[in-house]
Amino acid sequence: MTAVALGFLLTGLVLGVYAMLYGTERSVQPVIAPHERRSEHNPAAEPSPTLNLASLAAFAVGFGLTGYLLTRTNAWAWYWQLLVALKAGGAAYALQSLLIARWAIPGARADHVDERFLLQGTLAQVTQGVATGGRGQLRYALDGREYLLPAQHMDGGALEMGSDVVIDRVEDGVAYAEPWDAVERRL
């Protein structure tokens, strides 16, 4: 029972760290271009409150930790230790699922991001030069797809064709950008 409990504990810890680093959302490609989205929340990518990696990690940690402690501190029969460890794992699973259902998912739904700044900091390349006070076009890549947007210098200046720029915001379908050189100097 000790080896099984330690195996579950270590597996749960690894799954928990993976869930913290990569999240529990499902991978769903947006149907529309990123500059046309109205929020960061994607209902299609919303995780199930019960069947997700974080809840499985919580079960494994609860079961493994309880099972290990029971094998080290008392002389119960193995089946009683297993039963108590399963109940502890089930309680951890239920609490994690409740946390996701009552806090994480509603928090993501309520998060309203200013859509003008969804692409802020995205690198792009000018495909059609921008004259002083005028408009041109830029190309940016996101999630393996390329998009074209009308572009304007964020301060009204000129942008040369082929130059690298950074998108500051998108307003009414126009990307306001500044040269990468200017951003790099500030860093």
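Data overview
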read-out	value
The chain: relative contact order as a whole-number percent, Cα under 8 Å and 6+ apart	19 percent
Sites residue 14 and residue 101 - FRET efficiency at Förster radius 25 Å, r taken between beta-carbons, to 0.05	0.55
Net length gained if the chain between residue 155 and residue 171 were fully extended (0.36 nm per residue, minus Cα distance)	4.3 nm
Helix axis angle, 78-99 relative to the chain longest principal axis, alpha carbon, degrees	30 degrees
Unit charges on C-beta of K, R, D, E only; dipole of the chain, Debye	1020 debye
Additional length obtainable on full extension of the chain from residue 111 to residue 125, 0.36 nm per residue less Cα span	2.0 nm
Prolate/oblate/rounded label for the chain (Cα gyration tensor, a/c 1.5)	prolate
Cut-off under 5 Å, modelled amide H: who pairs with residue 122 long-range	167
For the stretch 56-62, 3J(HN,Hα) per residue [Karplus equation, 6.51 cos²θ - 1.76 cosθ + 1.60, θ = phi - 60°, Hz, x = Gly/Pro]	5, 5, 4, 4, 5, 5, x
Cα gyration tensor shape of the stretch 116-186, rounded if a/c is under 1.5, else prolate or oblate by comparing a/b with b/c	rounded
Built amide H within the under 5 Å cut-off of residue 175, gap 5+	151, 152
Cα-based helix-to-principal-axis angle, 2-22 vs the chain, degrees rounded to 10	20 degrees
Peptides 51-59, 84-92 ordered by average Cβ neighbours within 10 Å, highest first	51-59, 84-92
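Read-outs: derived from the displayed coordinates by stated rules, not from any lab. Here the structure is a predicted model, which means the values were calculated and not measured. Cβ: placed from backbone, ideal geometry, glycine included. Neighbour counts: every protein chain shown.
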